[in-house]
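Reading through the structure tokens given below for one structure.
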């Protein structure tokens, strides 16, 4: 087995850009305080082929050098929109038939890999300390968590984002 050279990876990247396939999965970032986390989530959204990112509350939006540092240009490839009020956005998305899947620790949370995702769906990720607001959780179609087996009971939000996004796109596209 041979590791690909940088120019080979760039060639694959060019081919992928020409295909430009986006899955019917979007994500809401509610009150993400770290600009580096926002950048990382843009990069993951691009890699996973997400349809759109919604930046809500005080989540920063591009252009910002701190976002670009971890996004590595993906802010140019991922469609995004800014909303002040997460609740207004979620009500609108639900009226359009979107399944709302919130990643949060709640009494009725289910493991993220044990739910049925419906297309189109929007995944919701919240603040690094306080998580997703209770009002948003109340509007969710599903509330999921990533099981933790160590002492800490959460992952960095950008890591949770990656796990959630890739799981949803894999499950939604299993039949293709």
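Between residue 128 and residue 95, how high is the FRET efficiency from 1/(1 + (r/R0)^6) when r is the Cβ-Cβ distance and R₀ = 25 Å? Nearest 0.05.
The formula returns an efficiency of 0.25 here.
Annotation: the residues 1, 148, sorted from fewest to most other C-beta atoms within 10 Å of their own C-beta, follow the order 1, 148.
Based on other C-beta atoms within 10 Å, arrange 29, 89 from fewest to most.
Numbers: 29 28, 89 20.
If I rank by nearby Cβ atoms, fewest first, I get 89, 29.
Please arrange 30, 104, 135 by counting, for each residue, the other beta carbons lying within 10 Å of its beta carbon, fewest first. Write out the running numbers ahead of the final one.
Values: 30 25, 104 20, 135 10.
With the sparsest Cβ surroundings first, the list reads 135, 104, 30.
Working note: Debye formula, equal point scatterers on the alpha-carbon atoms of the chain, no solvent; log10 I(q)/I(0) at q = 0.10 Å⁻¹ is -0.38. Note on residue 66 and residue 141: the model spin-label points, each 7 Å out from Cα along the C-beta direction, lie 3.4 nm apart. Helices in the chain, meaning DSSP H runs of at least 4 residues, each add -39500 (n - 2.57). Divided by all residues, the mean residue ellipticity at 222 nm is -11500 deg cm²/dmol.
In this simple spin-label model, placing a label point 7 Å from the Cα along the Cα-to-Cβ direction at both residue 7 and residue 51 gives a separation of 4.0 nm. Using a Förster radius of 35 Å, what is the FRET efficiency between residue 108 and residue 58 based on their Cβ-Cβ separation? Nearest 0.05, please. The pair residue 108/residue 58 has a calculated efficiency of 0.80. Placing dummy labels 7 Å off each Cα toward the beta-carbon, the span from residue 77 to residue 155 is 2.1 nm.
Antiparallel DSSP bridges in the chain: what percent, to the nearest 5? So the antiparallel bridges in the chain amount to around 5 percent.
Centre-to-centre separation between the Cα atoms of region 120-136 and those of region 44-77: 17 Å.
Values in this text are rule-based calculations from the coordinates and carry no lab data. These numbers come from a predicted model, not from an experiment. Please note: Cβ atoms are built from the backbone with ideal geometry, for glycine as well, and neighbour counts cover all protein chains shown.
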